Amino acid sequence: MRILGIDPGTRITGYGIIDQQGNRLRHVDNGAIYTQSSDELPSRLKIIHDGLSEIILKYRPDAVAIEQVFVAKNALSALKLGQARGAAIVASVNADLPVSEYTALQVKSAVVGYGKAAKGQVQQMVKALMNLPEIAQEDASDALAVAICHAHSAHINSQVRQALKPRTPSKRVPR
């Protein structure tokens, strides 16, 4: 399974692509989509959407994992971040990809084993798990961590979805 991890942001949106083959994870690519803070927000959201759409076309992931918005002290920043997430989600859904969302706590727990790990610890673990020659750019490293979290959680998530799926009552044939 190929997974696209996304760390959304209005200034920098990180992406990381990994392949999962059984218990093995393999790094495919990572990077970031940059916008100019001087541009209007709608233009920046278009850049994020179009950039992720191109990445999806190029790498053909099977699933997308995105970091959830945390509650920020600045409400305007949280709203803008939510809009960047929306642009990323729409790019994914337009490509008919399933989208899973993870909190920072879930991502850190999956990658480091501790939900309150420092950013540097997460970056070091991503480097080690993906066998990277160096630590990836911060937002790209965060996106790889989200993809790793999904790889570790995908099986559990599918079991939960299956358990929650409404069941149609069996039809009994009258005797």
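Points to keep in mind about this one:
- Residues in the stretch 51-65 carry Karplus couplings, in order, of x, 5, 4, 5, 4, 4, 4, 6, 9, 6, x, 8, 8, 10, 10 Hz; the curve used is 6.51 cos²θ - 1.76 cosθ + 1.60 with θ = phi - 60°, and Gly or Pro positions show x.
- Within the accessible area of the chain (1.4 Å probe), percent carbon and sulfur: 53 percent
- The stretch 1-80: GluC sites (Glu not before Pro) in DSSP coil with no more than 15 other Cβ atoms inside 10 Å: Glu40
- Over the residues of the chain, the helix contribution to mean residue ellipticity at 222 nm works out to -16500 deg cm²/dmol, using -39500 (n - 2.57) for each DSSP H run of at least 4.
- The charge dipole of the chain, taken about the Cα centre with unit charges on the Cβ atoms of Lys, Arg (+1) and Asp, Glu (-1), comes to about 1060 debye, rounded to the nearest 20.
- Under the combined filter of DSSP loop state and at most 11 neighbouring Cβ atoms within 10 Å, the stretch 93-133 retains these trypsin sites (Lys or Arg not before Pro): Lys116.
- Considering only Ala110, Ile33, Ser141, the residue lying farthest towards the positive end of the dipole of the stretch 1-143 is Ala110, judged by Cα position with unit charges set on Cβ.
- With kT/(6 pi eta Rh) evaluated at 37 °C and eta = 0.692 mPa s, and Rh the Kirkwood radius from Cα pairs, the stretch 70-120 diffuses with a coefficient of 257 µm²/s according to Stokes-Einstein.
- Highest GNM mean-square fluctuation among Gly31, Gly115, Gly16, for the chain modelled with Cα contacts below 10 Å: Gly115.
- Taking the chain as the region of interest, the number of lysine pairs whose Cα atoms are within less than 15 Å, with members eight or more places apart or on different chains, is 5.
- The loop-placed chymotrypsin sites (Phe, Trp or Tyr not before Pro) in the stretch 66-138, going by DSSP, that have at most 11 neighbouring Cβ atoms within 10 Å of their Cβ come out as Phe70.
- Shape call, the chain: gyration tensor on alpha carbons, a/c limit 1.5: prolate
- For the chain, the longest principal axis of the C-alpha atoms and the axis of helix 75-94 are separated by about 60°.
- Per residue accessible area in Å² of the chain, where ligands, DNA and RNA are left out and the probe is 1.4 Å: 59 Å²
- Length available on full extension from Lys119 to Glu101: 0.36 nm per residue minus the Cα-Cα distance, which gives 4.6 nm.
The values are calculated or read from the model by the stated rules, or taken from the named source; none is laboratory data. Everything quoted here is computed from the prediction, not taken from an experiment. Here the Cβ is made from the backbone with ideal geometry for all residues, glycine too, and neighbour counts use every protein chain on show. The area values use the complete protein model at the heavy-atom level, side chains included, leaving out ligands, DNA and RNA. Shrake-Rupley method; radii C 1.70, N 1.55, O 1.52, S 1.80 Å.
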